[in-house]
Amino acid sequence: MGGSGRVDRRVCQACNEWRSILSLGQARAFTPWCSPGDMESRVVAMITGGSSGIGKSVAIVAAKNGAHVTIIARNVEKLEKAKYEIMQACKNKDTQRVEYLSFDITKNYEELQKAFMELEKTMGPIYMLVNCAGSSVCAKIEDTSTSDIHKMVDLNFLGTYYCIKAVVQSMKTARDGIIVLTSSQAGFIGIYGYSAYCSVKFALRGLAESMAMELTPHNISVTLCLPPDTDTPGFAEEELSKLLETKLISQSSSLVKPNVIANQLFKDALNGKFFSTVGMEGFLLCTVSCGMSPFTSILELLVQITLMGLSRLISAFYLISFQRIILKCMKTRDKNKKSE
């Protein structure tokens, strides 16, 4: 009888724990951190990589919703042009502020922290941090230079880590805030030619999950954005040297405009969602790879449970097609060598 009583107590304790977990998921799903109307002329959004691409598009969306905006990048000329575009998009041009900071977020954390503190004195507390700064190099592992590896690790991972570290204490003090990390669909699947790039994008997922566990009790949400190939200046430059196998594999998903990514990112971040994706491929990858990632509603959890097996089957067909592409390219190269 004593053993049975202990078992019953353990079952009840487990049930209570699950109720707490599910209620947290419901709260995150149905209680937005901040509605667009609440952002007007009071919320400060800071966006790294904000001079072009997804970062600039996010800044424009934030400005359209009434937020004060600060963009960070290195190139002053690009920052000036982006600032003008963002100012034109402001909902309240008379009251909203748009500033930029020319800074290399990979170099010196102490200087970065100091710069952020100065910005908060003039712009106000940072409510939303969106990490969009990043770069990629496509090459087989033996052809990837160590300098390119360091560049991708520094900008994609360390730059994001440093920026989060610099703002998180003030967000904890305010018990309010949103942090967005921009990874990639390549953060869920290893891709030919992207050994270094996939590695750092996978690392951002681990960082996001850890941050979500640390910061949710402080009413700070964490969103991991997983864009597909996006029509940005960086993508156009990358296409010039992209491996044939990588190009053919990338064609399995369509090229998306940065404003589409930005609108979805902004919406998902305000709603406290952990994953932000666009398209069926993004949904498939999130479902099959969700594992121990946070869930933001009971419905999301049930969908993942229901579709995970089917998603794994579909993903197997994708993987087989990718292997066929790689083998076909290899045979073509071997044939061309023999004919020379």
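Computed values, structure above
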{"quantity": "Answer from Ser170, Ser183, Ser195 - the residue that is among the polar types (S, T, N, Q), touching a residue at least 12 places away in the same chain (Cβ under 8 Å) and closer than 15 Å to Pro294 by Cβ", "calculated": "Ser183"}
{"quantity": "In the range 284-296, the residues that are open to solvent by less than 20 Å² (accessible area, probe 1.4 Å) and assigned to a loop (DSSP other than H, G, I, E, B)", "calculated": "Cys290, Ser293, Thr296"}
{"quantity": "Counted residues, the range 110-144 - those being touching a Phe, Trp or Tyr at 6+ places or on another chain (Cβ under 9 Å) and either assigned to a helix (DSSP H, G or I) or among the acidic types (Asp, Glu) (or both)", "calculated": "4"}
{"quantity": "Contacts under 8 angstrom Cβ, first residue in the range 284-309 being small (Gly, Ala, Ser), partner open to solvent by 60 Å² or more (accessible area, probe 1.4 Å) and modelled with pLDDT under 95, 6 or more apart", "calculated": "Ser297/Gln26; Ser297/Phe30"}
{"quantity": "Residue check for Leu327: more than 20 Å from Gln251 (Cα to Cα) and surrounded by 11 or more Cβ atoms within 10 Å (Cβ to Cβ)", "calculated": "no"}
{"quantity": "Leu215 being at pLDDT 95 or above, out of contact with any Gly (no Cβ under 7 Å at 6 or more places or on another chain), assigned to a helix (DSSP H, G or I) and over 23 Å from Ile86 (Cα atoms)", "calculated": "yes"}
{"quantity": "Contacts under 9 angstrom Cβ, first residue in the range 45-56 being on the phi > 0 side of the Ramachandran plot, partner of a type in the set (D, E, K, R) and buried (at least 24 other Cβ atoms within 10 Å of the Cβ), 6 or more apart", "calculated": "Gly49/Lys56"}
{"quantity": "Single condition Ser250 does not satisfy, out of (1) in contact with an Asp or Glu (Cβ under 6 Å, 6 or more places away or on another chain); (2) without any contact (Cβ under 8 Å) to a residue 12 or more places away in the chain; (3) polar (S, T, N, Q)", "calculated": "(2)"}
{"quantity": "Residues of the range 253-283 satisfying the condition of being farther than 22 Å from Ala133 by Cα and either open to solvent by less than 30 Å² (accessible area, probe 1.4 Å) or free of Cβ contacts under 8 Å to residues at least 24 places away in the same chain (or both)", "calculated": "Ser253, Met280, Phe283"}
{"quantity": "All positions within the range 233-246 that are buried (at least 16 other Cβ atoms within 10 Å of the Cβ), in a helix (DSSP H, G or I) and out of contact with any helix residue (DSSP H, G or I) (no Cβ under 7 Å at 6 or more places or on another chain)", "calculated": "Phe235, Glu238, Thr246"}
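The values are calculated or read from the model by the stated rules, or taken from the named source; none is laboratory data. In this text the structure is predicted, and so the values were computed from the model without any measurement. Counting neighbours? That spans all protein chains shown, and the Cβs are built from the backbone with ideal geometry, glycine included. Side chains are part of the model used for accessible areas, which takes the heavy atoms of the whole protein and leaves out ligands, DNA and RNA. Shrake-Rupley method; radii C 1.70, N 1.55, O 1.52, S 1.80 Å.
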